[in-house]
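Single-structure report; data block below.
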Amino acid sequence: PARMNMADHGGSLHHHTNHASMISVEDLKGPQSGTPDRMFTLSAQTMKRTTLSGELEEVWAFNQLIPGPELRVQEGELVEVKLVNIDIDEGVTLHWHGLNVPNGEDGVAGLTQDAVLPGGQHTYRFIANQTGTYWYHSHQQSSVQVAKGLYGVLIVEPQASNEAKNVDLAVMSHGQGTSNGTTITLGSLGELQRVLVNPGTSVRLRLINARNMPQSFHLSGVQFRVTAIDGIDLHEPQLISGQKLLLAAGGRYDLSFQMPTGAVGLAHSTDFITDHSDALVLASNNKDLPPPFQQESTFDPAAYGTPSSVPFDAETNYDRSYTLVLDNRVGFYNGKLTNLQTINGYVFPHTPSLMVREGDIVKVKFVNRGFMDHPMHLHGHHILVLSRNGTAVTGSPWWTDTLNVAPGETYETAFAADNPGLWMDHCHNLDHAAAGMSMHLMYE
Ligand code: C2O
Ligand code: CU
């Protein structure tokens, strides 16, 4: 039987019919007719493998790969993904993190579908109408299943596809990544991965943090631009170098640069000039190593790029306004004494929902009164960051789907309620989500 983790869902499909009775469940699904432009099958399965220390351990994989196969599609394509569960007893789903698909395709077990049990399957259909870097993962007992390997990259390329000489690589940070032959994994291999790139080539690196804590990335040997955050392009980003990139759990940064004559390195640590480092090296040959990383500052997404028009700001009359105070306290959860992660003092499913009507412009203020980072992830919508600690964003419009709210920080954000359904809003430190820091966004 499917064991349900409270933090993953907590509702049942009855919520739909009670609270969203104006909208039929059919309306919340992706296109049910039409021939798909891309079809994929992802089969979830247990696997045994030997750890670096020689022990046999069980991991869970899609198509026997960790990360799962890298899915690349083009903007506007009708995508069909068949999920097959071979033998994951707890059941699995597929959630398209950051891609604002129709609610019925969102893959949240117990909320938008039932978990797919062993021997079962489920087909997702959606039109890929946002370009950018996304990822997919199981959303049944996420804190366990993502850690065990049920995750992968999803990229939506613009229709006018780039010249063939470009290098475009996704780099995922995860503690269990091995290699799927396409996606680069950082943080678990303990070796230098080398990709040959000719000088002058335009390079795009898509960084994805699939871990529970913010991760530092250091890019050395080249000046670069951060061209997108959470899949959304930044407006006129400047060339930078020597800035540490601190990426929220669940978040993505796209980096672009022209390949120089020397080597370029990317690593979590600042020391990636030895062969034993867990690092990606781009070079035109098999021996060059990148120069050491010289840190000048930490990249600040609130003050980077060039301002541009936004659909709402501090002056907007918001239809709804919510404040979410993030904190923790000791208490019982799922029958265990634990460090509860709370929103406005509540743990899921007792947390009152964010209620909206379709068409509302909604303001959400996040306040972190605890002592841990909380990367807050809203499903189905991108949010615009208005201010941090009372200071307005001064650079490019900063849209995000996973906003790291550090201890003591306050963010004001806003979004358009334009994707009806019942959605999750939760901390993407998935252990925190499993300890209560989860809530619903519900369309009335
Ligand atoms: Cu990436 Cu609700 O998850
Ligand atoms: Cu958290």
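Tell me, please, whether a residue that is farther than 21 Å from Arg211 by Cα and within 16 Å of ligand 2 (Cβ to nearest atom) can be found in the stretch 368-375. Checked the stretch 368-375: at least one residue is farther than 21 Å from Arg211 by Cα and within 16 Å of ligand 2 (Cβ to nearest atom). Against the condition away from ligand 1 (no atom under 16 Å from the Cβ), small (Gly, Ala, Ser) and not assigned by TED's automatic domain parsing to the domain that holds Glu236, how does Ala435 come out, does it pass? It is false that Ala435 is away from ligand 1 (no atom under 16 Å from the Cβ), small (Gly, Ala, Ser) and not assigned by TED's automatic domain parsing to the domain that holds Glu236. Residues of the stretch 212-240 that are touching a Pro at 6+ places or on another chain (Cβ under 7 Å), of a type in the set (S, T, N, Q) and under 21 Å from Ile155 (Cβ atoms): Thr227 alone.
Filter the stretch 24-41 for residues that are among the aliphatic types (A, V, I, L, M) and touching a helix residue (DSSP H, G or I) at 6+ places or on another chain (Cβ under 8 Å); which is modelled with the highest pLDDT? Among those that are among the aliphatic types (A, V, I, L, M) and touching a helix residue (DSSP H, G or I) at 6+ places or on another chain (Cβ under 8 Å), it is Leu28.
With respect to Val325, determine if the residue is assigned to a loop (DSSP other than H, G, I, E, B), within 25 Å of the chain's Cα centre (by Cα), at pLDDT 95 or above and of a type in the set (A, V, I, L, M). Answer is no for this residue.
Of all residues in the stretch 365-408, count the ones that are part of a loop (DSSP other than H, G, I, E, B), in contact with a helix residue (DSSP H, G or I) (Cβ under 7 Å, 6 or more places away or on another chain) and within 16 Å of ligand 1 (Cβ to nearest atom).
Within the stretch 365-408, residues that are part of a loop (DSSP other than H, G, I, E, B), in contact with a helix residue (DSSP H, G or I) (Cβ under 7 Å, 6 or more places away or on another chain) and within 16 Å of ligand 1 (Cβ to nearest atom) number 1.
Listed conditions (1) part of a loop (DSSP other than H, G, I, E, B); (2) crowded, with 18+ Cβ neighbours inside 10 Å are all met by Leu207, apart from (1). Among the residues of the stretch 283-337, those that are away from ligand 2 (no atom under 16 Å from the Cβ), surrounded by 13 or more Cβ atoms within 10 Å (Cβ to Cβ) and of a type in the set (A, V, I, L, M) comprise Ala283, Leu289, Ala302, Ala303, Val310.
The values are calculated or read from the model by the stated rules, or taken from the named source; none is laboratory data. These numbers come from a predicted model, not from an experiment. Please note: Cβ atoms are built from the backbone with ideal geometry, for glycine as well, and neighbour counts cover all protein chains shown.
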